[in-house]
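Data block below; observations after.
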Amino acid sequence: MSDPAIQRRSFLGKLAAAVLGLASLPAAWILGRSLVPNVHYEAPRRYKVGRPDVFPEGVSFLEERRLFVVRERNAFHAISAICTHLGCTVKYAPFRHKREMAVRGLSYTSRGEFVCPCHGSRFRDEGTNFTGPAPRPLVWYHMDVAPEDGQLRIDTGREVDRDFRLTV
C-alpha cells in the first residue's frame, strides 16, 4: 500500500496549483485586454471642408477625402470620387464648350464629366454612369453649414438624392 502522507502531499500540491491557476485567470484576462485598444480608428464620417467662399464656381476636388464639391452660384453639392465599379478615384474632365444634355428626364447644361482611369467608366457631371463597367451612379452626400463657424460640412454617412442642393 502506498503511504497516506505521500497521497495527502500530492493532493495538496495539486489543490494549491489549481487555486493559483484560478487566481491568476483574472490577472491574465486584464493583461490580455490591455493589449487590445478601446479606440475606434475609423475616420469620422462628418467633417468640415471650408467656408463657402473658398470654393470657386465649378468643380473642386478634395483629394484627402476623395470627393468633389460642386458650386453653381450659391448652390453646393458633394459627389463621391470613388468609382462604383472597383473603387478607383475618378477624375473630372471639363469640356471645352458647354453641352446641353437630358438626364433622368431633366435637361441641363453640362460642363464636363467624371472619368475612371482604371477601367474606363464615365459619369455625367451630375454622377450618372453612362459608359464602362460601373454598375451605379456616383454617390452624393449630404451637406450643411456648421452654425458655429459657417463652414460647409459633409456627411459621408448620409447619402442624398442627386437633386439635393445646399443653398448658401
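Please treat every number below as a calculation from the coordinates, not as lab data. It should be emphasised that the depicted structure is a prediction, and the values quoted were computed from it without experimental measurement. Methodologically, a virtual Cβ is constructed for each residue, glycine included, from the backbone with ideal geometry; neighbour enumeration extends over all protein chains shown.
Is it the case that some residue within the stretch 60-72 is of a type in the set (Phe, Trp, Tyr) and within 19 Å of residue 156 (Cβ to Cβ)? Before you say what the answer is, go through the steps one by one.
As a first pass, look at the stretch 60-72 and keep what is of a type in the set (Phe, Trp, Tyr): 61, 68.
Keeping just the survivors that are within 19 Å of residue 156 (Cβ to Cβ) gives 61, 68.
Among the residues of the stretch 60-72, at least one is of a type in the set (Phe, Trp, Tyr) and within 19 Å of residue 156 (Cβ to Cβ), which makes the answer yes.
Can you work out which of the residues in the stretch 119-168 that are among the hydroxyl-bearing types (Ser, Thr, Tyr) and outside any strand (DSSP E or B) is surrounded by the fewest Cβ atoms within 10 Å (Cβ to Cβ)? It would help to see each step written out before you state the result.
First, the residues of the stretch 119-168 that are among the hydroxyl-bearing types (Ser, Thr, Tyr): 121, 128, 131, 141, 156, 167.
Within this subset, residues satisfying the condition of being outside any strand (DSSP E or B) are 121, 128.
Working: 121: 23, 128: 17.
Among those that are among the hydroxyl-bearing types (Ser, Thr, Tyr) and outside any strand (DSSP E or B), it is 128.
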Some residue of the stretch 149-168 being more than 20 Å from the chain's Cα centre (by Cα) and among the hydroxyl-bearing types (Ser, Thr, Tyr): yes
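Quick check on my filter: what residues within the stretch 110-122 are touching a Pro at 6+ places or on another chain (Cβ under 8 Å) and free of Cβ contacts under 8 Å to residues at least 40 places away in the same chain? Spell out the reasoning first.
Pass one, the stretch 110-122, residues touching a Pro at 6+ places or on another chain (Cβ under 8 Å): 111-112, 119-121.
Residues satisfying the conditions are 119, 120, 121.
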